[in-house]
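What follows is a set of notes on a single structure, which appears directly below.
The values are calculated or read from the model by the stated rules, or taken from the named source; none is laboratory data. Bear in mind that the values here come from a model prediction, so they are computed numbers and not experimental data. Every residue, glycine as well, gets a Cβ built from its backbone with ideal geometry; the counts of neighbours run over all protein chains shown.
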């Protein structure tokens, strides 16, 4: 796969330090491990949240890229469990962090999440939240107690029900999603998705360049108060495994290769010689002259006979021209060619595959 990534983090307008941390895994063994993006939003007194998010990101990346086995989704879940254990030991339950990660591996997107940091998939005109918020208001939405609009302004919107480091063990949600060229994955902390709607996230990302979108998202969130730290990580799929787009070639080079192939094989037999030109003969010419002479004599005799016959100068009777009745059938009207109809785009499924 060919993946492009971009990220931005900002302290916001009301906090004095940034407790968000992001990580972008870089490895030469992407065929074996894929590409991993991570966002963590820490919490705790003093600088504990900043420490928790940094520790979690470092452990997730290190544990994943040192893992063995072919089950990459399982390795990602185990990396989250390792991060939970490390944060719990280091903070003794007094600090914690959310965690969301996107693994791009062999044309498949794997999402892991704990807490309320989110993973979105943007495909064409659609945006879908893949991760599931582990928060008090999310549970109320699922129970039908709150609407998403009410949850956005609820005084309980910052209460999370699951985090890395709060307890000795943690349940990690894992999801799988098939990827397509052009897919954009957004990872973000609640400092972003708490101030922008999903439609606004989609509009800003698709209407701007991939390089500019993260900074613009942060600017909009800050323009609405910047009530929390803001972190944005984007990953865009430029090519899939086995895609010809992985090979950088121009139309000119393709034309050259095609032209080079249109040659005779070295052992091809020589082309047969052209047949010799026929020798011209006088016999057809002599026969043609004799025929013309006979035709001239016959024409002379015919005109002589015609001149000796009387000629009638009376005008010939002219019959009235028959008039066809006017047709009463309506004139044929050409029908316009119907416009080409294209099938509606296939919507993104409502739910991804969830791994137990």
Some residue of region 45-52 being under 26 Å from residue 213 (Cβ atoms) and in contact with a helix residue (DSSP H, G or I) (Cβ under 7 Å, 6 or more places away or on another chain): no
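Residues are listed down the side, and each one gets a yes or a no for (1) within 26 Å of the chain's Cα centre (by Cα); (2) farther than 17 Å from residue 187 by Cα; (3) touching a residue at least 12 places away in the same chain (Cβ under 8 Å):
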{"residue": "10", "(1), (2), (3)": "no, no, yes"}
{"residue": "31", "(1), (2), (3)": "yes, yes, no"}
{"residue": "60", "(1), (2), (3)": "no, no, yes"}
{"residue": "83", "(1), (2), (3)": "no, yes, yes"}
{"residue": "88", "(1), (2), (3)": "no, yes, yes"}
Candidates 55, 51, 39, filtered to the one that is crowded, with 24+ Cβ neighbours inside 10 Å and either in contact (Cβ under 8 Å) with a residue 60 or more places away in the chain or part of a helix (DSSP H, G or I) (or both): 39
Of all residues making up region 71-96, the number that are in contact with a strand residue (DSSP E or B) (Cβ under 7 Å, 6 or more places away or on another chain) and either surrounded by fewer than 17 Cβ atoms within 10 Å (Cβ to Cβ) or in a helix (DSSP H, G or I) (or both): 8
Residues that are touching a helix residue (DSSP H, G or I) at 6+ places or on another chain (Cβ under 6 Å) and buried (at least 17 other Cβ atoms within 10 Å of the Cβ), drawn from region 200-216: 204, 205, 213
Among the residues listed as 260, 219, the single one being surrounded by 11 or more Cβ atoms within 10 Å (Cβ to Cβ) and either modelled with pLDDT under 95 or on the phi < 0 side of the Ramachandran plot (or both): 219
First in region 208-235 and free of Cβ contacts under 8 Å to residues at least 40 places away in the same chain, second anywhere and surrounded by fewer than 21 Cβ atoms within 10 Å (Cβ to Cβ) and part of a helix (DSSP H, G or I), Cβ under 7 Å, 6 or more apart: 208/216; 216/204; 220/204
